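Colleague: Before I ask anything, let me first share the structure, which is written out below as structure tokens.
What follows draws every value from the coordinates through simple rules; no lab data is involved. If you're wondering where the values come from, they're calculated on a predicted model, not measured in any experiment. Positions of Cβ are generated from backbone atoms using ideal geometry, with glycine treated the same way; all protein chains shown enter the neighbour counts.
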Amino acid sequence: MNVPNDETTEMHAERLLGRALNSFDLPDALVERLDSALAHASSLHSSHHSAALHRVTYRHTYLLADGSSLTLWELVHNTGRDGREQHELYADETDVRLAASRLPAGLPDPEDDLDVDLDADLELLGALLTRPVAPAPVVYEPDDSADHARRVLRRAENADRPGEAVAARLRGAFAHHIKQVFGRQCAVAGKDAGFTLYEHAFLLMDGSEMSVWEVEHTATPDGRHMCEVYEDEHAAREAMELRARVRGRVR
């Protein structure tokens with residue numbers, strides 16, 4: 001999906017509505033809410049490509065002026081005349097799934113030689129399977145992100161938690177993403193303890209990104225749950241190692 005680099009959120013919404021064949025089916029109240037959109041994020045949700053059918057679904061999320069978010073689902077397919085791309089827009093994921101299921105499956109072109117490149121395809125597939133899987137792109141969710149950041153920092157109990165400078169930057173967060181990057185149960189001082197590491201990634205109003213790293217564990221004298229927050233992943237992992245009293249790095 002080609003998106004102009006200098007496209008504003010207003011332009012993005014207008015382009016989305018303008019190219020959709022069924023935009024008139026969207027509720028008027030929903031279209032009016034889009035007028036107050038401050039920021040947006042788009043991501044690929046699913047895709048299907050066969051000999052005759054190309055079908056892609058995108059998720060477009062908008063941050064509105066009242067602090068709420070609005071999501072639109074776009075279905076792009078080539079079932080138009082002469083195989084031209086067509087765009088459809090839906091307010092609900094169930095509706096876009098139903099619309100996609102109704103598209104013709106498409107039959108292979110009898111002129112295609114399906115056997116010619118079979119060996120090459122198998123070789124390519126084998127090469128892909130031996131390569132490490134690329135990490136999925138971060139999809140930020142605009143959902144009271146500044147307040148989420150405030151709550152994460154507030155529950156941190158470690159003395160070396162992020163200070164006011166980090167808190168000030170995170171007050172400009174308008175979208176965020178939470179990812180669990182580590183989790184393990186182990187014995188500490190003869191008792192079972194659990195360790196979980198989360199990355200809280202934030203998208204800021206100036207377009208920059210930053211993360212804080214949260215360690216949740218029960219390696220406390222009374223076994224209670226404790227949260228610690230650090231500015232980088234290395235410090236968070238070192239804290240887990242110290243708490244667990246083990247040698248070597250936690251991986």
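Colleague: Whole angstrom only: what separates the Cα centroid of segment 190-206 from the Cα centroid of segment 18-94?
Modeller: Here the answer is 32 Å between Cα centres.
Colleague: From the phi angles alone, apply the Karplus equation (6.51, -1.76, 1.60; θ = phi - 60°) to segment 201-213 and give each ³J(HN,Hα) in whole Hz, x where the residue is Gly or Pro.
Modeller: Working through the residues one at a time gives 9, 10, 9, 9, 4, 7, x, 7, 10, 8, 10, 10, 10 Hz.
Colleague: Measure of size requested: the Rg and Dmax of segment 145-244, with Cα atoms as the atom set and Å as the unit; please supply both.
Modeller: Over segment 145-244's Cα set, Rg and Dmax evaluate to 14.0, 48 Å.
Colleague: Please turn the phi angles of segment 150-166 into ³J(HN,Hα) values with the Karplus equation 6.51 cos²θ - 1.76 cosθ + 1.60 (θ = phi - 60°), one per residue in order, whole Hz, x for glycine and proline.
Modeller: In residue order, the calculated couplings are 4, 5, 4, 5, 5, 7, 5, 9, 7, 5, 9, 5, x, x, 5, 4, 5 Hz.
Colleague: How much net charge surrounds I178 when only other residues with a Cβ under 10 Å from its Cβ are counted (Lys, Arg +1; Asp, Glu -1)? Present the calculation step by step, with values, prior to reporting the outcome.
Modeller: Numbers: positive: K179; negative: E141, E199, E214.
Charge balance in the 10 Å sphere: -2.
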